[in-house]
Each structure stands twice: as C-alpha cells, then as structure tokens.
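The values are calculated or read from the model by the stated rules, or taken from the named source; none is laboratory data. All figures in this text were calculated on a predicted structure; none of them were measured in a lab. Here the Cβ is made from the backbone with ideal geometry for all residues, glycine too, and neighbour counts use every protein chain on show.
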Amino acid sequence: MRPAMLLVTLLTLAAAHTSAASSFPCRWTWDLQYGLRPGHVTAGNNADCSGRVGSLTLKVRLLQRDEATRQWQTVKRRTRTFHRLNGNRFVEVDTPCVPAKFKAVMRWILRNPGGAVVARHVVRTGVVTVPSANCVQTIG
C-alpha cells in the first residue's frame, strides 16, 4: 500500500471514532469539538476495560496552532491512571474558544497487575478550525 493511501486510511479510521479497527483490547472512543460546551474547545477520550485487571492510563493533549510561528503549542494536557477497571473511564480537557486551529493527541495504555504494558493505542486527530471566540457550533 502506498504511504499516501495508508495515511488516508488511518485518518479515516480515526475520524470514525470507533474501536472496531483497533487491536487495543478495550472499547474506546475520543472526540475533539468546539461549542458543545458554549465558548470552549474540548478534547477527551475514554475506555471501558471491564473484566480486565491492572491499570489503565488515559492521556489527552490539546494543541493550538500559533500562526505567527507556524508551530503547534500545547494548550492543555491531562493524564489519569485508573486501577479499578470495572466501567467506562474518561479524561477531558478544555480551553476557551479563540479564532485558531486545534488538534489533539489521545493515548491509552493498559498494564497488567505487575505493571507490564499489555497494550498501547494513540490517535492523532485532524484539525478543527474555530472561527470566532463565541463558538457555539459543534464539530466532532
């Protein structure tokens, strides 16, 4: 498969918000949107690892593009580790809307009771463009 075709396929799978194509052994999902909570850009991920033992670490990093330097800057990040895996666990970050471009990086790490990594999963979202500080439109 050509690299360009592979990239398009991976982006399509990430945009589908589904865990069907993943080998990560838990049900998972993610979202990056603006306006669902009026005036805020929100990024979050979750996982349901019911029936497993060990720990689950969820990480979310929200990035904003600085048009002056043409670089992505981390606006917010959050990491949580859960030791009780008997339900849906989630992590979310948000920041006030400003006219800018945003993207996020989501990570899931499942460990066994001894601490060894059982599985990892990473999603790098597409870009969401926020048109104004009074964002009320939702994209996700």
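Report yes if some residue within segment 45-56 is within 15 Å of residue 30 (Cβ to Cβ), charged (D, E, K, R) and under 14 Å from the mean Cα position of the chain (by Cα); otherwise report no. No: segment 45-56 contains no residue that is within 15 Å of residue 30 (Cβ to Cβ), charged (D, E, K, R) and under 14 Å from the mean Cα position of the chain (by Cα). Taken across segment 115-122, residues that are of a type in the set (A, V, I, L, M, F, W, C) and within 15 Å of residue 77 (Cβ to Cβ) do occur, with at least one present.
Determine whether residue 74 is among the hydroxyl-bearing types (Ser, Thr, Tyr), more than 13 Å from the chain's Cα centre (by Cα) and at pLDDT 95 or above. Yes, satisfied. When residue 103 is tested against (1) within 13 Å of the chain's Cα centre (by Cα); (2) surrounded by fewer than 18 Cβ atoms within 10 Å (Cβ to Cβ); (3) under 20 Å from residue 134 (Cβ atoms), just one condition goes unmet, and that condition is (3). Residues of segment 77-91 that are surrounded by fewer than 17 Cβ atoms within 10 Å (Cβ to Cβ) and in contact (Cβ under 8 Å) with a residue 12 or more places away in the chain: 77, 78, 79, 80, 81, 83, 86, 87, 88, 90. Of all residues in segment 108-126, those satisfying the criterion of being in contact (Cβ under 8 Å) with a residue 60 or more places away in the chain and either hydrophobic (A, V, I, L, M, F, W, C) or out of contact with any Gly (no Cβ under 9 Å at 6 or more places or on another chain) (or both) are 108, 110, 118, 119, 120, 121, 123, 124, 125, 126.
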